[in-house]
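Remarks on the structure that follows.
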């Protein structure tokens, strides 16, 4: 199986959960966090993660899986404030494109652009743009 060690050592998402790494948080509850991707495919591209470390969906029991899916559903509803169209993606394993080996779902709003998974270049999210998107998505 192609996955990183189950350890949370050096996991950037665990660092975000712990508040030691910065993130533009959109939502947080006792089990999950949703925050903007720093290199978004489109405006509002966010990630939904469990607070507990695990690389794959199958590393978690039903309760933890349900918590992540509940948050994902909430974020999908909020993304609909930006556009009615979006992709939800899960990359499981290096060969599937997983780069950070902490379970995360991508929620990628679509605005009619060509395939957002193959843009010319992904640009780092600017602070002012991030603050605007957080404001659009943070209010329940």
Name the single residue that is surrounded by the most Cβ atoms within 10 Å (Cβ to Cβ) among those in the stretch 71-84 being over 19 Å from residue 14 (Cα atoms), out of contact with any helix residue (DSSP H, G or I) (no Cβ under 9 Å at 6 or more places or on another chain) and in contact (Cβ under 8 Å) with a residue 24 or more places away in the chain. 74
Say whether the condition of being within 14 Å of the chain's Cα centre (by Cα), free of Cβ contacts under 8 Å to residues at least 24 places away in the same chain and either loosely packed, with under 15 Cβ neighbours inside 10 Å or under 29 Å from residue 113 (Cα atoms) (or both) is met by at least one residue in the stretch 41-59. no
Note: among 68, 88, just one is at pLDDT 95 or above, closer than 16 Å to residue 35 by Cβ and surrounded by 15 or more Cβ atoms within 10 Å (Cβ to Cβ), namely 68
Reported set for the stretch 126-137 where residues are in contact (Cβ under 8 Å) with a residue 24 or more places away in the chain and closer than 10 Å to residue 24 by Cα is 130, 131, 133, 134
Among residues of the stretch 122-135 being under 12 Å from residue 40 (Cβ atoms) and either part of a loop (DSSP other than H, G, I, E, B) or out of contact with any strand residue (DSSP E or B) (no Cβ under 7 Å at 6 or more places or on another chain) (or both), the residue modelled with the lowest pLDDT is 122
Of the conditions (1) modelled with pLDDT of 95 or more; (2) surrounded by 16 or more Cβ atoms within 10 Å (Cβ to Cβ); (3) not in a strand (DSSP E or B), residue 8 satisfies every one except a single condition; which number is it? (1)
Residue 125: passes all of (1) under 17 Å from residue 23 (Cβ atoms); (2) buried (at least 18 other Cβ atoms within 10 Å of the Cβ) but (2)
Return only the number of the condition from (1) touching a helix residue (DSSP H, G or I) at 6+ places or on another chain (Cβ under 8 Å); (2) modelled with pLDDT under 95; (3) assigned to a loop (DSSP other than H, G, I, E, B) that residue 42 does not satisfy. (1)
Find the residue count for the stretch 92-122, including only residues that are closer than 21 Å to residue 27 by Cβ and surrounded by fewer than 17 Cβ atoms within 10 Å (Cβ to Cβ). 1
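The values are calculated or read from the model by the stated rules, or taken from the named source; none is laboratory data. Keep in mind that what you see is a predicted model, and the values were worked out from it rather than measured. Don't worry about glycine lacking a Cβ; one is built from the backbone with ideal geometry, like all the others, and counts go over all protein chains shown.
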